[in-house]
Amino acid sequence: MTRWSLRVSLNALLILALLEIAAYAAAVTAKKAGRRPPPPNLKPSSEILPMCRFSGAVNLTVSKKFVGTTWRGWGTSLAWFANYVGGLPQKNMNEMLDLLFAKDGLNFNIVRYNIGGGNNKKRSPQFYKQKHTDWRGMPGFKPTEEGPYDWSADQRQRNVLLGAKERGANVFEAFSNSPPWWMTKSGDVAGPPLIGQSNLKQEYESAFADYLTAVVGQFAKKWGVTFDSLEPFNEALEGFWQQGNENEGCSFDAPAMGRIIKYTSDSLKKKGLKTKLVGADSWSSSTAKLAQVANHQLLSRINVHSYMNDYGGSDVANTYEAQFGSVRETAKQLGKDVWVSEAGPLGKSGNDWDVSLYMARNVIETVNIMEASAYVYWQAYDLSTGWTLIDFPPNYKAGSNGAMKTPKPNQRFWIFKHFAMLAEPGSKPLKVGSDCSHGMSAFYSPGENRVTVFLLNQQAKERRVTINLQGFRRNVGGSTRVVVRRTSHVTNLGKKVFTRFGGKAAVTVWGQSFVSVTFTNLSD
């Protein structure tokens, strides 16, 4: 780059920064004056979908027509970020754990623990030399074929797991990204020499199953963590993985998957473990292939990743409906429940608020179209600002940690706070109609006699929504309230309470904002 072009680039960056500051100042001024803040200047994107397929005012009827099964909860996978957070000074680790798992934080109740494969450093030293992949190099519990298990390994991730349990998390899943390195064809947990090849030696398939169930048994015995489910695969059918990648990954063909399912099921039974076997953590576009895998009847649930392979294609809405709908139909065909076991803004562009609104839509679509019964984010903390739910600049060197700043929730955190607080485990998703399946979802909480409607407006123009509850009555004593909580680029869970409720509620959803409308103390 020439000196002149560098100067131009720096000037352009300065101008953009000043524009951002001016926009923020205008928003804050409007907010203080009681006016509606202007929406951020989002770039036009085919990923921005309307709240409903029609324009104008929305009349939404919410009735006791349930979607799917009882909601199991919200959560995060541990793996990489826990391999970092679990080694922080106690004060900082507690701050992070409180934000994610405490009742006044996100109150996540589901935790996915990664059973690492370790790695052969002599075979793949680059695995440990990337920008931050010392987080991603997950320790294994059996570092060599001949040696014993090392149950002192992976203390950092285990610290986070136990900290989550202490704060109330109560649903635990163990999952594998790769077998131990010495079981693989390449000697490398990142993948085979050629992309897409199966990397586990066939003669080690039974040993791999035994390794996974040994870890599950040890956690119950030694640390009091009973894994509800065990997942041997991660995006095994996609063919992504190759030696030299930055993180663990292992492809399997369908015959190998069928054999491993049987070996793992038998091993769980042999060891007297009640842990259920689940699969196969594929993308929605690949999940239908599970019907062709032998022994799939031994799986108690389908795990799916809600990433999309359209990356903003010309017909985004129909693409989502086709792929998420395919997962729903596959689950019905196989008679199984569905969890979103991994999610995030993979391949999505735009500013931070744009990405946050996309994640709200991803949740809504998986509830309405896929009919999932749980939603688990991939990495609740990440170096990528587009992924992380918590802003926390790292000061990291493998083996040591310096002075840290205080973790701060960002806008995606507050989006998930809406969902986790108001669609708690035990609630039931309600049908909202296919015309609004990308912009609205609703949950009924029987124990609280409460209905919450989530409203997403990705577009710049505000929408007026009238909500009519059908089959839900207001409390005779007059104690039914309507609580509106609003999150925008300048407001986090802004709350208004209305004490009068005549069966309907009208709400204005600002442009590029997310709103939850809660009807409390309803009568059966």
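The values are calculated or read from the model by the stated rules, or taken from the named source; none is laboratory data. Keep in mind the model is a prediction, meaning the values are calculated, not measured. All Cβ positions, glycine included, derive from the backbone under ideal geometry; neighbour counts span all protein chains shown. For accessibility, only protein heavy atoms count, side chains too; no ligands or nucleic acids. Shrake-Rupley method; radii C 1.70, N 1.55, O 1.52, S 1.80 Å.
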Karplus-derived 3J(HN,Hα) from phi for region 194-202 (6.51 cos²θ - 1.76 cosθ + 1.60, θ = phi - 60°), whole Hz, x at Gly and Pro, runs 10, 4, x, 6, 5, 10, 8, 5, 4
Quick check: net charge around residue 503, other residues with Cβ under 12 Å of its Cβ, Lys/Arg +1 and Asp/Glu -1?
+4
Tell me which of 501, 455, 439 sits at the most positive position along the dipole axis of region 428-515, charges placed on C-beta atoms (Lys, Arg +1; Asp, Glu -1).
501
About the Cα centre, charge dipole magnitude for region 169-270 (Lys/Arg +1, Asp/Glu -1 at Cβ), debye:
440 debye
Which residue, 85, 66, 96, has the largest displacement toward the positive end of the dipole of region 58-105 when charges sit on each Cβ (Lys, Arg +1; Asp, Glu -1)?
66
Roughly how many Å² is the accessible area per residue of region 367-516, as a whole number, for a 1.4 Å probe?
39 Å²
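Counting only heavy atoms of protein chains, what accessible area per residue, in Å², does region 197-280 have with a probe of 1.4 Å?
39 Å²
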Accessible surface of region 58-110 [probe 1.4 Å, protein heavy atoms]: carbon and sulfur percent:
50 percent
Flagged links, alpha-carbon separation over 19 Å, of 65/428; 289/428; 221/271:
289/428
Straight-line reach from residue 185: which aspartates and glutamates fall under 19 Å, measuring Cα to Cα and dropping same-chain residues less than 8 apart?
145, 146, 203, 205, 210, 235, 238, 246, 248, 253
Multiply the residue gap between residue 59 and residue 146 by 0.36 nm, knock off their C-alpha separation, and tell me the result in nm, one decimal place.
24.6 nm
For region 423-524, what is the charge dipole size about the Cα centre, in debye to the nearest 20, if Lys and Arg each add +1 at the Cβ and Asp and Glu each add -1 at the Cβ?
320 debye
